[in-house]
Amino acid sequence: MRGFLSQGGALSWLVVVCLATGTSSAHAQSLPAPWIGADVGSPVLSGSATAASDTFTVSGSGSDIGGSSDQFYFVYRPMQGDFEIVARVASLKASEALAKAGVMVRGSLAANAQHAFVGATNRKGWVFVRRMTEGASTDSDGPSQNNGVPGWVRLVREGDLLSAYLSRDGSAWTLLGSETIAMGSTMYVGLAVTSRSVSKTARATFSNVAVSPLSGDNQPPTVSISSPASGTSFTDPSSITITAAASDSDGTVSRVAFYSGSTLIGTDDTSPFSAVWSSPPAGDHILTAVATDNGGATGTSAPVAISVSGSTNGLPSVAITSPASGATFTAPATISVAASASDADGTVRRVDFYQGTTLIGSDRTAPYTASWSNVAAGSYTLTAVARDNAGETRRSAAVSVTVTSGNQAPSVAVTSPASGAKFTAPATITVAASASDADGTVSRVDFYQGTTLIGSDTTAPYGVTWSSVPAGTYTLTARARDDDGATRASAGVSITVSATSNQLPSVSLTSPANGATFTAPASITLAASASDPDGTVAGVDFYTGTQLIGSDTTAPYTGSWSNVAAGTYSLTAIARDDRGASRTSASVTITVGGVVRGTTLAFTPSADHATSVTSYSVALRRSTDAVTATPVASRDLGKPAVVNSEIAVDISALVDPLPSGSYYAVVTAIGSGGAAASAPSPSFTK
């Protein structure tokens, strides 16, 4: 971009900058082969994906997965034959309740292709969506309330039969539905995310992602226990380390699980594979190891027999009593962990509390507790270890807890009408509110009379018009909803609509006089007289045209208008009475003289001006300000026409009100891919 600013022909500057407006649809992604990420259905906002091992983070926008055409972001791989895809939907962050994240099998990458999808909605449960033929409308089962994310989903393809399953733990599966859908020899299978909004994105995390053929082509892994040796004896209390060697001839080993009989001791997903069995009970035990490969096939080791002899000192008993397994908390969490512990042949000396292998705290006195503070979002495993007076220990069964990302509710207040305001039926009442969100954005404000919805607004300033209001007493509230779904209601505002007539107030401008002249930059004091024959004057508002200059609620009613540029203006005053009625005064015309300096901003448009740029804006800063500082003046230029390969815009209304000093300008191009700014111009003096 080349740009220059001229003021009265006395100043010019030249900037050369490459303005990256993000017109490319390239996606930020880091995916291992053979995974590919792409938008389906050309959503306005591009999606992206990253992966680490079998965990994927996928962001996508789009109108929906449904109807006769889809819009979403797809992380996929081509597949042939019979197969299944399994994934755990660990999280879904979106503003729309029906935003979706799940697994999909698709006939092609066309927006109207036949497909089967099973996944989570943001706040409505789980769905099974499918399109049987290209271009047809979808069928859907759900949403079905089932505790929401996290959860496991699975699609199985056998011939033309597609079956959708749901699980809470990845082991016990519930069939949501099946459908016969004819697809080509090559299908596209993977992870799909849609925000169900063309202007926002949704973000989902998938773990334990696995795609496995059903044809039997995948060879199972081999595994053997290398330690302890069969026949080894241990003395209670013991801590036994079990190790195993595992390999896969046509892939990789993703996990090894260790068992005593049918009881799981532990798992390891990294070679060398091992698990520690703490305080095994006295007796004979049969150990096995089960390896799972990257295709989902499993192999079991030969059994290893060991024995554990009892000791003269009985082990203490211990169990976590709080929190319950599966409990959820909001980050940053403070979690109180409690345990019960006893020793049949002695006393409990201490109970230690652990998160994984990390000590949280210890307690020597019953009831045994520890406080775990500032816990970040994540999934955790808690255990308690009791130690008796002879030094023997026993570890409790594990308790799993989840800490979710915290979201602060937005704040909201009704700003108009004021509490106690009065109106005359049939009234037309403008209800306005201010709303903000400390850790996100406000997506909508709903306005209520009692429990009845009056209307909604998605854009600040938030307001609705309530028409034909009959006589009565009403309580108005506003409820703000943020981009994460949290809501908060405002305090109530009481108003009265009277069935009796209300006489309008009277008002007239007493200063300045009609025809008065001033010199720019002018400071003009406005004054008005106002009265109400059947009530009181609540306030007087002063206007130039439709622009509010100021208000006064106490007689004598005045307003101050500063830094008035040269021009001709029409002034009026509007008086409001205690019942909300208003009357506008006769207008007064004034003239502000002086030289209006011509200030022109000219620049070469972005290279993708015609295809992607939607608008430009200009920001003025003091010469001593950094480019990150708040501008002293700014303006949306829209998308002006290009004349002789250049755009020129008069910004005198932006420059003239500025105090004397030295300034520079920055022009920003805004497009479908984002926004980018020019380098600062050389300084100019005003």
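Taking amide H positions as placed in the peptide plane 1.01 Å from N, state which residues far from F329 in sequence (5 or more) or on other chains have amide H under 5 Å from it.
T402, V403, T404
Could you go through region 379-384 in sequence order and give the Karplus-derived ³J(HN,Hα) for each residue, using 6.51 cos²θ - 1.76 cosθ + 1.60 with θ = phi - 60°, rounded to whole Hz, and x for Gly and Pro?
Running phi through 6.51 cos²θ - 1.76 cosθ + 1.60 with θ = phi - 60° gives 10, 9, 10, 10, 9, 10 Hz.
Non-local amide H neighbours of L176 (under 5 Å, H modeled in plane, Pro and chain starts lacking H): which ones?
So L176 has HN proximity to A164, Y165, L166.
May I ask you to evaluate 6.51 cos²θ - 1.76 cosθ + 1.60, the Karplus curve with θ = phi - 60°, for each residue of region 417-427 and list the ³J(HN,Hα) values in order in whole Hz, giving x for glycine and proline?
x, 6, 4, x, 4, 10, 9, 10, 6, x, 8
Students often get this wrong: which residues of region 175-198 have the backbone nitrogen under 13 Å from the point 7 angstrom along Cα-to-C-beta of D141?
Only 175-180 fall inside the zone, counting backbone N under 13 Å.
How much of the accessible area of region 385-520, probe 1.4 Å, is carbon plus sulfur, in whole percent?
Numbers: 3130 of 6570 Å².
That fraction is 48 percent.
Might you tell me the accessible area per residue for region 564-686, computed with a 1.4 Å probe and given in Å²?
On a per-residue basis, region 564-686 sits at 45 Å².
Hey, rough spin-label estimate for A679 and T553, points 7 angstrom out along Cα→Cβ, what's it come to in nanometres?
Spacing of the two 7 Å Cα→Cβ label points: 5.3 nm.
For region 138-188, which whole-number percentage of the solvent-accessible area (1.4 Å probe, protein heavy atoms only) is attributable to carbon and sulfur atoms? Show your work: numbers first, answer last.
Values: 1060 of 2500 Å².
Answer for region 138-188 is 43 percent, counting heavy atoms of protein chains only.
Compute the FRET efficiency between N644 and K686 as 1/(1 + (r/R0)^6), taking r as their Cβ-Cβ distance and R0 = 35 Å, and round to the nearest 0.05.
Once the sixth-power term is evaluated, E becomes 0.80.
Rounded, prolate or oblate: which fits region 118-168 when a ≥ b ≥ c are the square roots of the eigenvalues of the alpha-carbon gyration tensor, with rounded for a/c under 1.5 and prolate only if a/b beats b/c?
oblate
May I ask you to derive the relative contact order of the chain, considering only C-alpha pairs under 8 Å and at least 6 residues apart, and to give it as an integer percent?
Numbers: 1977 pairs, mean separation 70.0, N = 686.
Once divided by the residue count of the chain, the mean separation gives 10 percent.
Among rounded, prolate and oblate, which fits region 160-283 when a ≥ b ≥ c are the square roots of the eigenvalues of its C-alpha gyration tensor, a/c under 1.5 means rounded, and a/b larger than b/c means prolate? Don't skip to the answer; put the middle values down first.
Details: a/c = 2.63, a/b = 2.07, b/c = 1.27.
Here region 160-283 falls in the prolate category.
So, in the chain, how many Lys pairs have Cα atoms under 28 Å apart, if the pair is 8 or more places apart or on different chains?
Counting lysine pairs in the chain gives 7.
Pop a pseudo-label 7 angstrom from the Cα along the beta-carbon direction at both Q503 and T334 and give the gap in nm to one decimal.
6.3 nm
If you project the alpha carbons of the chain onto the principal axes, what extent comes out on each, in Å, largest first?
112, 63, 54
When you count, for each residue, the other Cβ atoms within 10 Å and take the mean per peptide, how do 349-357, 103-111, 643-651 rank with the highest first?
Ranked from most to least packed, the peptides come out as 103-111, 349-357, 643-651.
Show the residues, 5+ positions off or on another chain, whose built amide H is closer than 5 Å to the amide H of A520.
G593, G594
Pop out the ³J(HN,Hα) list for region 516-526 in order, Karplus 6.51 cos²θ - 1.76 cosθ + 1.60 with θ = phi - 60°, rounded to Hz; leave Gly and Pro as x.
4, 10, 9, 10, 6, x, 9, 10, 10, 9, 9
Taking the Cβ of L453 as the center, what net charge do the other residues with Cβ under 10 Å away carry, scoring Lys and Arg +1 and Asp and Glu -1?
0
The values are calculated or read from the model by the stated rules, or taken from the named source; none is laboratory data. Computed from a predicted model, the values in this text were never measured in an experiment. Positions of Cβ are backbone-derived with ideal geometry, glycine not excepted, and every protein chain shown enters the neighbour counts. The protein model used for the area step is the full one, side chains on, heavy atoms only, and it has no ligands, DNA or RNA in it. Shrake-Rupley method; radii C 1.70, N 1.55, O 1.52, S 1.80 Å.
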